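Scroll down for the structure; my scribbles are underneath it.
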Amino acid sequence: MIENNILYLDGKSLTIQEVYTASTVPLKVKLTDDSRFAIKSCREKLIRQIRNNPEQKIYGVNVGVGNLKDTYISPEESENFQVKYVMSHNCGTGEPLAQEVVRAMMIIRLNSFAHGVSAMSLETVEMIESLLNNDVIPLVLKEGSVGASGDLVPLAMIAGVMIGLPESKAWYKGTLLTAPEALNLAGLAPAKLGFKEAMGLTNGTNFMSANSIFASIQAHNLLKTANLAAAFSVEAIRGEKDAFNSFLAEKRPHPGLVATASEIRDHLKGSLRTTVEAQKIRFKGQDTSTATERVQDRYCFRAVPPVHGATLDALERFDEVLTIEINSVTDNPLFEENGDNLIFHSGSNFHGQPLANVIDYLKLSLTSLSLISDKRSFSMLGKNLSFGLPSNLAIAPEKGDSGLMLAQYSGASRAGENRVLSSPASVMSISTSAGQEDFVSMGSIGAVHLIKVLDNLKTVLAIELLCGLRALQMTNNKPGFLTGDLCRLGEGTGKLFHTLDELLPLPEGDTYLAAEMETVRQFIDSRI
């Protein structure tokens with residue numbers, strides 16, 4: 001719940017949008033009073049229980065972790081063990097994670113502790129709150145997690161900053177410093193971890209969850225953009241609107257299909273360029289074989305409702321699982337209150353498989369979206385595939401212009417890479433910890449790939465929009481093409497054309513395409 005620019009965390013009501021907003025604005029973050037009470041009560045009971053029953057072995061509390069689960073850790077060794085644990089788990093590699101994604105990791109971790117069943121001290125949990133509210137953002141590297149026993153390595157990099165390891169680094173108000181320097185400037189003392197707390201800070205699916213938060217927001221935007229781009233492309237080829245009618249959709253009522261067909265109809269509402277009258281106009285240089293009465297268009301135009309709609313259904317399922325995940329306790333062990341005592345339960349709530357599976361599902365669906373978009377671009381560049389659009393959408397072919405030919409090459413490259421990235425990470429398990437942790441989710445790898453798939457998709461869609469724009473600029477109100485009322489675009493496509501035409505007026509010939517593609521990518525980003 002967000003009130004007065006503060007995100008309140010209770011462990012059970014956090015939304016995807018709230019995490020995104022609090023990570024990007026950013027907002028202050030605060031645990032609810034009930035959560036603070038639950039955290040404090042659980043910790044006090046665990047301390048009392050260990051004092052009264054020192055022989056009871058509790059995983060990660062007074063015995064080691066992983067395949068060291070039978071190694072006893074005395075109370076005297078406990079504080080040093082926490083430091084050693086954090087140090088030894090700091091072994092990430094690769095590029096730094098974006099600061100806003102690290103913020104999301106911390107928010108989700110804090111929300112997990114808000115349940116009050118992890119037996120963490122309130123002081124340690126509040127340290128995460130303090131880092132967020134004082135703009136101390138740990139440096140976390142992208143590589144190192146296998147998505148089981150939690151995202152151990154990336155979360156340990158956050159824990160390293162919390163305890164002030166000199167090797168750890170953090171941004172303080174945007175400047176990268178050592179952890180001790182960042183904490184000192186923020187007026188924060190390093191945390192002193194007690195038993196179980198190092199493991200508690202690192203046992204969670206928060207790396208893959210945080211990346212998934214940003215993936216969800218981006219995916220919703222790109223799917224809306226894909227629908228608009230598809231409608232734009234239908235306008236470009238003077239396509240058949242019948243494929244989007246409500247009768248067809250209602251006879252195959254997948255929610256995503258129905259919603260997509262409706263959205264395309266809305267974008268094309270009022271279009272005269274997609275009427276039979278417009279289709280009968282033979283464009284300058286159009287092959288007579290493509291100037292006959294239309295029957296139905298190619299799949300990449302006609303099958304937008306089932307293809308785009310299936311992606312929407314995958315995204316809805318993804319959001320459903322992600323919402324459960326960010327309101328879950330992905331720690332181990334967990335502690336159930338039983339009067340004045342605690343019952344500890346050692347399980348596998350940290351295992352990332354539920355999220356890993358839907359990450360792969362969404363990757364596959366988004367890859368299909370990039371492939372069908374690229375096929376529409378391909379079609380618009382072929383004179384016979386586009387019902388008479390100028391070949392390659394070249395403005396001055398007599399001067400050797402390539403037009404947008406190579407833009408489609410670039411899009412094909414991105415769509416092709418998505419085919420590789422959509423290979424499911426969730427079935428790529430490799431044993432760890434001497435076989436004790438013998439099946440892992442690799443959801444962290446899937447999450448990183450998902451972010452890349454989305455970025456590639458954005459480029460592919462930008463190229464489709466550029467092709468649609470160029471096609472309409474070259475053939476609307478132009479001699480030898482369409483003139484008069486038949487140039488009228490739909491409500492959504494018309495607004496899009498007006499916006500893009502202002503950003504990128506029709507040039508006199510070939511241009512530096514990378515700049516135009518980036519302009520459209522930025523336009524897509526502005527729609528979030």
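The values are calculated or read from the model by the stated rules, or taken from the named source; none is laboratory data. These figures come from a predicted structure and were not determined experimentally. Here Cβ is always computed from backbone atoms with ideal geometry, including for glycine, and neighbour counts include all displayed protein chains.
Yes/no matrix, rows are residues, columns are (1) of a type in the set (A, V, I, L, M); (2) under 30 Å from I326 (Cα atoms); (3) not assigned by TED's automatic domain parsing to the domain that holds Q17:
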site: L177; (1), (2), (3): yes, yes, no
site: A189; (1), (2), (3): yes, yes, no
site: G194; (1), (2), (3): no, yes, no
site: F232; (1), (2), (3): no, no, yes
site: D242; (1), (2), (3): no, no, yes
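All of L122, L132 fail the test of being in contact with a strand residue (DSSP E or B) (Cβ under 7 Å, 6 or more places away or on another chain) and not charged (D, E, K, R), apart from L132. Taken over the range 515-527, residues that are assigned to a loop (DSSP other than H, G, I, E, B) and basic (K, R) amount to 1. The single condition among (1) out of contact with any His (no Cβ under 8 Å at 6 or more places or on another chain); (2) crowded, with 20+ Cβ neighbours inside 10 Å; (3) of a type in the set (S, T, Y) that T202 does not meet is (1). Per the conditions (1) surrounded by fewer than 14 Cβ atoms within 10 Å (Cβ to Cβ); (2) touching a residue at least 24 places away in the same chain (Cβ under 8 Å), the sole criterion not satisfied by P54 is (2). Within the range 481-510, residues that are assigned by TED's automatic domain parsing to the domain that holds G403 and over 18 Å from I237 (Cβ atoms) have Cβ atoms under 8 Å from residues that are assigned to a helix (DSSP H, G or I) and of a type in the set (S, T, Y) in these pairs: L503/T519; L504/T519, counting only partners at least 6 apart in sequence or on another chain. For A462, the criteria (1) within 19 Å of R238 (Cα to Cα); (2) surrounded by 23 or more Cβ atoms within 10 Å (Cβ to Cβ) hold in every case but one, which is (1).
Among residues belonging to the range 229-247 that are surrounded by fewer than 24 Cβ atoms within 10 Å (Cβ to Cβ) and of a type outside the set (D, E), point out the one that is farthest from M474 (Cα to Cα).
First, pick out the residues of the range 229-247 that are surrounded by fewer than 24 Cβ atoms within 10 Å (Cβ to Cβ): 240-243, 245-247.
Now restrict to residues that are of a type outside the set (D, E): 241, 243, 245-247.
On the way: K241: 22, A243: 26, N245: 29, S246: 32, F247: 34 Å.
Among those residues, the one meeting the criterion is F247.
Here's the yes/no breakdown for (1) in contact with a helix residue (DSSP H, G or I) (Cβ under 7 Å, 6 or more places away or on another chain); (2) buried (at least 18 other Cβ atoms within 10 Å of the Cβ); (3) not assigned by TED's automatic domain parsing to the domain that holds M442:
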{"residue": "T323", "(1), (2), (3)": "yes, no, no"}
{"residue": "L355", "(1), (2), (3)": "yes, yes, no"}
{"residue": "D360", "(1), (2), (3)": "yes, yes, no"}
{"residue": "K363", "(1), (2), (3)": "yes, yes, no"}
{"residue": "A394", "(1), (2), (3)": "no, yes, no"}
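Listed here are the helices (runs of 4 or more DSSP H) enclosed by the range 299-388 that have at least 1 residues being of a type in the set (V, I, T): 304-326, 353-381.
Only a single criterion out of (1) within 30 Å of Q56 (Cβ to Cβ); (2) within 21 Å of the chain's Cα centre (by Cα) is not satisfied by I343, namely (2). Kindly list the number of the only condition in (1) closer than 15 Å to S365 by Cα; (2) free of Cβ contacts under 8 Å to residues at least 12 places away in the same chain; (3) in a helix (DSSP H, G or I) that fails for A415. If we test A415 against (1) closer than 15 Å to S365 by Cα; (2) free of Cβ contacts under 8 Å to residues at least 12 places away in the same chain; (3) in a helix (DSSP H, G or I), just (2) comes out false. For the range 483-514, a residue qualifies if it is within 13 Å of L404 (Cα to Cα) and either part of a helix (DSSP H, G or I) or among the hydroxyl-bearing types (S, T, Y) (or both), and the qualifying residues are T511, Y512, L513, A514.
Determine if the range 250-259 includes at least one residue that is under 31 Å from the mean Cα position of the chain (by Cα) and within 22 Å of K383 (Cβ to Cβ). There is no residue in the range 250-259 that is under 31 Å from the mean Cα position of the chain (by Cα) and within 22 Å of K383 (Cβ to Cβ). Scanning the range 428-441 turns up no residue that is β-branched (V, I, T) and assigned to a helix (DSSP H, G or I).
Filtering the range 502-528 down to residues that are of a type in the set (D, E, K, R) and more than 18 Å from A219 (Cβ to Cβ), which residue is surrounded by the most Cβ atoms within 10 Å (Cβ to Cβ)? Before you say what the answer is, go through the steps one by one.
Restricting attention to the range 502-528, the residues satisfying the condition of being of a type in the set (D, E, K, R) are 502, 508, 510, 516, 518, 521, 525, 527.
If we keep only those that are more than 18 Å from A219 (Cβ to Cβ) too, we end up with 502, 508, 510, 516, 518.
Numbers: E502: 8, E508: 8, D510: 17, E516: 20, E518: 12.
Across the range 502-528, the extreme among qualifying residues is E516.
Kindly check whether there is at least one residue in the range 491-499 that is over 22 Å from R273 (Cα atoms) and in contact with a helix residue (DSSP H, G or I) (Cβ under 8 Å, 6 or more places away or on another chain). Before you say what the answer is, go through the steps one by one.
We begin by selecting, within the range 491-499, every residue over 22 Å from R273 (Cα atoms); these are none.
Checked the range 491-499: no residue is over 22 Å from R273 (Cα atoms) and in contact with a helix residue (DSSP H, G or I) (Cβ under 8 Å, 6 or more places away or on another chain).
Being on the phi > 0 side of the Ramachandran plot and touching a helix residue (DSSP H, G or I) at 6+ places or on another chain (Cβ under 6 Å) is the requirement here; does G94 meet it? Taking the combined requirement at face value, the residue does not satisfy it. Could you list, in sequence order, the residues of the range 26-46 that are surrounded by fewer than 19 Cβ atoms within 10 Å (Cβ to Cβ) and either touching a strand residue (DSSP E or B) at 6+ places or on another chain (Cβ under 8 Å) or without any contact (Cβ under 8 Å) to a residue 12 or more places away in the chain (or both)? Scanning the range 26-46 gives K28, K30, T32, D33, S41, E44, K45.
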